[in-house]
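> Before we start, here is the structure in question, set down as structure tokens.
The values are calculated or read from the model by the stated rules, or taken from the named source; none is laboratory data. Quick caveat: nothing in here was measured; it's all calculated off a predicted structure. Counting neighbours? That spans all protein chains shown, and the Cβs are built from the backbone with ideal geometry, glycine included.
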Amino acid sequence: MNKKAVFILLGLLCCFEIRAYDLPPMNLGLTSFLDGTSLPPHYGFYWIQYAEQYHTDEFTNAKGQKLAGVSSPDFDPMYTLTQLTYVSQGRYLLGAHSVSTLIIPYMMDFRLQEDNALGLSATSSGLGDLTGGIGLQWDPLMKNGRPFWVNRAEFSMNFPTGEYDVHKNINPGSNHYSFDPYWASTVFITAHWSVSTRMNFLWNQRNEDTGVKAGSAFHMNYASAYEVLDKKLYLGIAGYYLKQLKNSEGDPAADSKERVFAIGPGFLWGITQSTGVTFNAYQEMAAENRTQGQRYVLSLAHGFA
């Protein structure tokens, strides 16, 4: 019963006048195991708290090489996101429960290496862009007396409410609206083995302060988990993939399309029937026009009857 939304780098500009890194914050690896499902009691209010640590010392260009051909700075941002979700008990379109979601992100610390060769600068910590969404959560489709396939679809929008300084290269906020609908699905291949995906299409409004309109993008999370203790402990592998589909408009870079792939281990621990903790560690690779590093995500989810 997770939702989108995670902070990533925004609008990086360097003294070499190379421009890319235009995509706003998005859900890259924030959700993973059993993503299409919901916690018991399967309706009512849910609270999910995320904490994320990211590390990189690789800022890449369109060929996946060092940005501007110089050494990249160390960048170690820390984020926290609070998600509030309501799932209706009643059924509506196609027999699904309605879903309403609000996500409040906060940048705790940027930790950008000062006096770096790229000339990058960052604002201080602060509130990020709020995300609101409405959607549909379907009950599991059954096969041989057990859940087989569970789905959720949501239409989400990011609002430019976060801290933003046009004179800084890295900000908690994006300074523009973006639309990021998704479809999340979990298939139980066996009673103990599940595969989950979340697929998003991202559309961005123009940033009026910079004149840049980030290109649309496809991004997805994927995960496979095996239940090693009955409804208590799941171990697995998860990851994410991002591909910008169009070059950004108003961007001097000839090729500003961003791309990255990540994979790593993780677990889901069911503390109680309605409370769970998830942890994922990701290693990024094949990055273009963005950073390449390591991401660690810890989340606590609780469903209220």
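> From the residues in the range 190-218 that are among the hydrophobic types (A, V, I, L, M, F, W, C) and touching a residue at least 40 places away in the same chain (Cβ under 8 Å), which one is farthest from residue 156 (Cα to Cα)?
First pass over the range 190-218, keeping only residues among the hydrophobic types (A, V, I, L, M, F, W, C): 191, 193, 195, 199, 201-203, 212, 214, 217-218.
If we keep only those that are touching a residue at least 40 places away in the same chain (Cβ under 8 Å) as well, we get 191, 202, 212, 214, 217.
Details: 191: 32, 202: 10, 212: 22, 214: 17, 217: 15 Å.
The extreme case among them is 191.
> Only one of 73, 40 is more than 30 Å from residue 102 (Cβ to Cβ), touching a residue at least 24 places away in the same chain (Cβ under 8 Å), part of a loop (DSSP other than H, G, I, E, B) and of a type outside the set (D, E, K, R). Can you tell me which?
Selected residue: 73, the only one of 73, 40 that is more than 30 Å from residue 102 (Cβ to Cβ), touching a residue at least 24 places away in the same chain (Cβ under 8 Å), part of a loop (DSSP other than H, G, I, E, B) and of a type outside the set (D, E, K, R).
> If the requirement is being farther than 23 Å from residue 272 by Cβ and either modelled with pLDDT of 95 or more or among the basic types (Lys, Arg) (or both), which of these qualifies: 53, 49, 83? Spell out the reasoning first.
Working: 49 fails: farther than 23 Å from residue 272 by Cβ; 83 fails: farther than 23 Å from residue 272 by Cβ.
The conditions single out 53.
> Ok, one more. Test residue 31 against the stated conditions and say whether it is in a loop (DSSP other than H, G, I, E, B), modelled with pLDDT under 95 and either under 13 Å from the mean Cα position of the chain (by Cα) or among the polar types (S, T, N, Q) (or both).
Against the criterion (in a loop (DSSP other than H, G, I, E, B), modelled with pLDDT under 95 and either under 13 Å from the mean Cα position of the chain (by Cα) or among the polar types (S, T, N, Q) (or both)), residue 31 does not qualify.
> Which one of these does residue 21 not meet: (1) crowded, with 23+ Cβ neighbours inside 10 Å; (2) among the hydroxyl-bearing types (Ser, Thr, Tyr); (3) on the phi < 0 side of the Ramachandran plot; (4) modelled with pLDDT under 95?
(3)
> Against the definition (small (Gly, Ala, Ser), under 30 Å from residue 114 (Cα atoms) and in contact (Cβ under 8 Å) with a residue 40 or more places away in the chain), how does residue 133 come out, yes or no?
No: the conditions fail for residue 133.
> Enumerate the strands (runs of 3 or more DSSP E) found wholly within the range 90-170, keeping only those where 3 or more residues are of a type in the set (Val, Ile, Thr) and closer than 30 Å to residue 291 by Cβ.
97-109
> Restricting attention to the range 143-162, which residues are in contact with a Leu (Cβ under 6 Å, 6 or more places away or on another chain), over 22 Å from residue 234 (Cα atoms) and not polar (S, T, N, Q)?
153, 159, 162
> Right, next: Residues 226, 240: which one is crowded, with 16+ Cβ neighbours inside 10 Å and either at pLDDT below 95 or of a type outside the set (Asp, Glu) (or both)?
On the way: 226 fails: crowded, with 16+ Cβ neighbours inside 10 Å.
Just a single option satisfies the conditions, and that option is 240.
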